[in-house]
Structures are given as C-alpha cells and as structure tokens.
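The values are calculated or read from the model by the stated rules, or taken from the named source; none is laboratory data. Note that the structure is predicted; figures quoted are calculated from it, not measured. Here Cβ is always computed from backbone atoms with ideal geometry, including for glycine, and neighbour counts include all displayed protein chains. Note: areas computed on protein heavy atoms with side chains; ligands, DNA, RNA excluded. Shrake-Rupley method; radii C 1.70, N 1.55, O 1.52, S 1.80 Å.
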Amino acid sequence: MNTVIAVDGTAASGKGTLAKKLAAHFGFYHLDSGSLYRLAALGVIDAGGDPNNEADAVKAARVIDPSKTDDVRLRSAEIGKAASLVSVFPPVRAALLDYQRAFAGRKPGAVIDGRDIGTVVCPDATAKLFVDATPEVRAHRRWLELKSYGQAPDEAQIFKEICERDERDTNRAISPQKPAADAALLDTSQLGIDAAFAAALALVQPKIEALRARPRG
Ligand code: DC
C-alpha cells in the first residue's frame, strides 16, 4: 500500500497549509481535494447553471480539469459556498472519487486534504489528521487569505458563512465532514503555522515510520 496522509478538517482550519507543509517535508505529492469541488462549482457558474441543481452540478463535476486548480477565481467566497452546495450530491462526489484515489497511489506518497479523505476516499490511509479551530479564528484566517488575493472581505459576513458551511458540510447525508474513528485531532486555534506544523508532524511521523519499519510482502 502507498503511503498516504489524510488531512481532513473544517473550512479555514489550516488543513491546506499543514497538508502542503507535510507533503514538502516527506517529499510527497499534495492534493487539495476542496479545489476539485471548487472547480466543479466554477464550471456550474461559468455555464450559467445553479449549484443547487443536481444535474448542473453533476455535468460540471464530470468534466473538471484537475490541472486548473491554481485558478485564482477558485478562491473566492462565492465559489467556496457553491463548492459546498455541489458537494452534497452523491453523483458529484462519485465523479471526483476516481481522481482522488488514483492520486493517493502516487509514489512515494500522497498527502490529501479535504473533508472525507480519512473516512471515504482513503479509509486505509497511513496517517489521519482532523484539523479544527474555533469559528472566530477560522473566519479571521479566511479574511486574511481573501485580502491576500486582493479582495475586500467583510469579516462578520465570513464568520456567518463559515458557520453555515460547517452546518451544511457536517450534516449532509453522504460523506459528511467528520473525523475518522482513527484520526488524530488537532486544534489549531492557539497555534501559529510553525507550532501547528510541529504538532501535526509529531502526530504523523510515528505512523509513517511504523509503515516503513514493517516487513514487505
Ligand atoms: O476545503 P474547501 O473550503 O476548499 O472546500 C470547499 C467545499 O468543498 C467544502 O465546503 C465542502 C466540499 N468538500 C467536500 O465535500 N469534500 C472534500 N473532500 C473537500 C471539499
């Protein structure tokens, strides 16, 4: 089995940054699975469709181009919300599953961040983290992030949207946002990036070493 690190967590919890840093540390590939849902959402919007409409969402999800995940339009609050809306439809999730599982097979290893990586996409992942922080801290981080993209965000509005997103992502019927039973929980509310990374590494490293120490065959 390939070495896979699943980094699930809430919106703006820092999971993406941690996943990227873990990938760099171990020399693994990194996939931000949320960007796949965002690409599907952007496809719906660009086609003049409705993210609440299952047929529109499925059509867009089936034709996403995962090489386009650096499109800055994916990072807007509007697309984040639309991604959360399209992600509730089972055929949308199914359309994105093969790509994620194939990515998990990339050697020498893969780090994938998202909502259901440890529970559904890679239930046999080598190491699983579930990253969270208070909604206030997450709203502030998202506000800083959007500002860095040249946008003029309203922090109170972002806080409201984060709470709505938590509600929808946690309560959807299929693949809800929740820690896998064997995930290590990491609350980054009080931690800066370096401290959060050190904490994540301390949780993940023993699992990677245990896999490496296991006899092959
Ligand atoms: O992590 P993000 O904010 O880029 O994710 C955007 C939305 O995509 C999120 O609100 C729910 C959905 N998503 C999902 O359902 N499953 C994933 N593995 C990743 C994201």
For the chain, what % of the accessible area comes from carbon and sulfur atoms, probe 1.4 Å? 54 percent
Over the chain, with the other protein chains present, what is the accessible area per residue in square angstrom, probe 1.4 angstrom? 48 Å²
Inter-label distance for residue 160 and residue 52, nm, one decimal - labels placed 7 Å from Cα along Cα-to-Cβ: 1.6 nm
If you take every residue apart from residue 22 with its C-beta less than 11 Å away from the C-beta of residue 22, what net charge results, scoring Lys and Arg +1 and Asp and Glu -1? +2
Dividing the helical contributions, -39500 (n - 2.57) per DSSP H run of n ≥ 4, by the residues of the chain yields a 222 nm value, nearest 500 deg cm²/dmol, of -16500 deg cm²/dmol
How high is the FRET efficiency between residue 65 and residue 107 when r is their beta carbon distance and R₀ equals 22 Å, given to the nearest 0.05? 0.40
Need the full-extension length gain, residue 97 to residue 173, defined as separation in residues times 0.36 nm minus the C-alpha distance. One decimal, nm. 25.7 nm
At 10 °C and a viscosity of 1.306 mPa s, what translational diffusion coefficient does Stokes-Einstein give for segment 59-217, taking Rh as the Kirkwood radius over Cα pairs? Give it in µm²/s as a whole number. 90 µm²/s
Cα-centred dipole magnitude for segment 1-132, charges only on beta-carbon of K, R (+1) and D, E (-1), debye, nearest 20: 360 debye
When the Cα centres of segment 90-138 and segment 1-79 are compared, how far apart do they sit, in Å? 10 Å
Label-to-label distance, nm, for residues given as residue 25 and residue 181 (7 Å Cα→Cβ offset): 2.7 nm
Per-residue HN-Hα couplings for segment 46-54, Karplus 6.51 cos²θ - 1.76 cosθ + 1.60 at θ = phi - 60°, whole Hz, x for Gly and Pro? 4, 7, x, x, 10, x, 7, 9, 4
May I ask you to order 151-159, 181-189 by the average number of other C-beta atoms within 10 Å around their residues, highest value first? 181-189, 151-159
Around residue 59 (Cβ within 13 Å, Cβ-to-Cβ, excluding residue 59; K/R +1, D/E -1) the net charge comes to -3
Largest-first ranking of 161, 167 by accessible area, probe 1.4 Å, whole protein assembly kept, is 167, 161
Using packing as a proxy for protection, rank 118-124, 1-7 so that the peptide with the highest average count of other Cβ atoms within 10 Å comes first. 1-7, 118-124
